[in-house]
Every structure is written in C-alpha cells, then in structure tokens.
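The values are calculated or read from the model by the stated rules, or taken from the named source; none is laboratory data. A quick note: this is a predicted structure, and the numbers were derived from the prediction, not measured. Heads up, the Cβs are rebuilt from the backbone with ideal geometry, glycines too, and the neighbour counts pull from every protein chain shown.
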Amino acid sequence: MEGLTISRLPCGDLRLHLNSDGVEELKEFMAKAMHLDHDVLADMLERHAANGLYYPINSEFTFVGLTSAPVITDDYYQDDDGTEHVLGNLWWFERYQIESFAQTLLTTGEVVFPLGAPAPTVTVQ
C-alpha cells in the first residue's frame, strides 16, 4: 500500500503509519471489505507480503486461539499441500473487540500492534 510505513518500536511493537498519500486507498479498502479489519489488513499488507516482510494471518483458523484479532507476522510460508508455517514474531491488535484498527488508522494516522509473541515456531495443517 502506498502511503503506509511500518516500523518496529524499541519495545518490539509494530507501528503502522498512514501518510496523506494512503488515505484514499485505505478508504477504498474499507469500503469493499467484507470483514473490516481482516480484509483491510490483507489489502494493506499485500505489497509487504509479496516482498517477504509482513504477512497478515487469520487468527481464527491458524493457531492464535480464542481470538479473532487481526494478527501480523514477519515470517510465514505455505506448502503446496496447504500446510501453513508461522515462524516469526506475532503482532496483534488487542482492542479488536471494541475498536477497528482500520478506523483508528484512518482517524489518527497511526496504529500500534503490540508484540504478542516473539518468534514462535508453529505449523498448522
């Protein structure tokens, strides 16, 4: 996504910053999303994932457990048979039940995903 900068804070959290170039694109992502935060996150991170940097993962079906929070990892791959491997750090939007990260990003220009777990090794089939 043009207009999106992702940086790691000294505490390990992940900061997503939206500049003015990304506002309209974010609005477009939000307008077409079936599930606001998950679909928006996937659209926003498409370029980053293609470059091997940050990947949105589906917490409901992957492994995170009793949460449907948006989750980002920095090391993910999928085998030809569909087996998913999450090997990197995990960041999540902990306020997902009461706040949309996409709406917060649009309103304030930035949002922070706390580091949920450093570099686990998880495989799901």
Checklist entry - Can you tell me which residues in the range 4-24 are over 22 Å from Val71 (Cβ atoms) and not hydrophobic (A, V, I, L, M, F, W, C)? => result Asn19, Ser20, Asp21, Glu24
Checklist entry - Applying the selection to the range 74-100, what residues are at pLDDT below 90, in contact with a Gly (Cβ under 7 Å, 6 or more places away or on another chain) and under 13 Å from Leu14 (Cβ atoms)? => result Leu90
Checklist entry - Here are Thr108, Thr104: which of them is in contact with a strand residue (DSSP E or B) (Cβ under 6 Å, 6 or more places away or on another chain) and modelled with pLDDT of 95 or more? => result Thr104
Item to check | Residue identified as basic (Lys, Arg) and at pLDDT below 95 among Arg47, Arg15 | outcome: Arg47
Checklist entry - Pick from the range 1-57 the residues that are small (Gly, Ala, Ser) and under 13 Å from the mean Cα position of the chain (by Cα): which of them is farthest from Glu94 (Cα to Cα)? => result Ala49
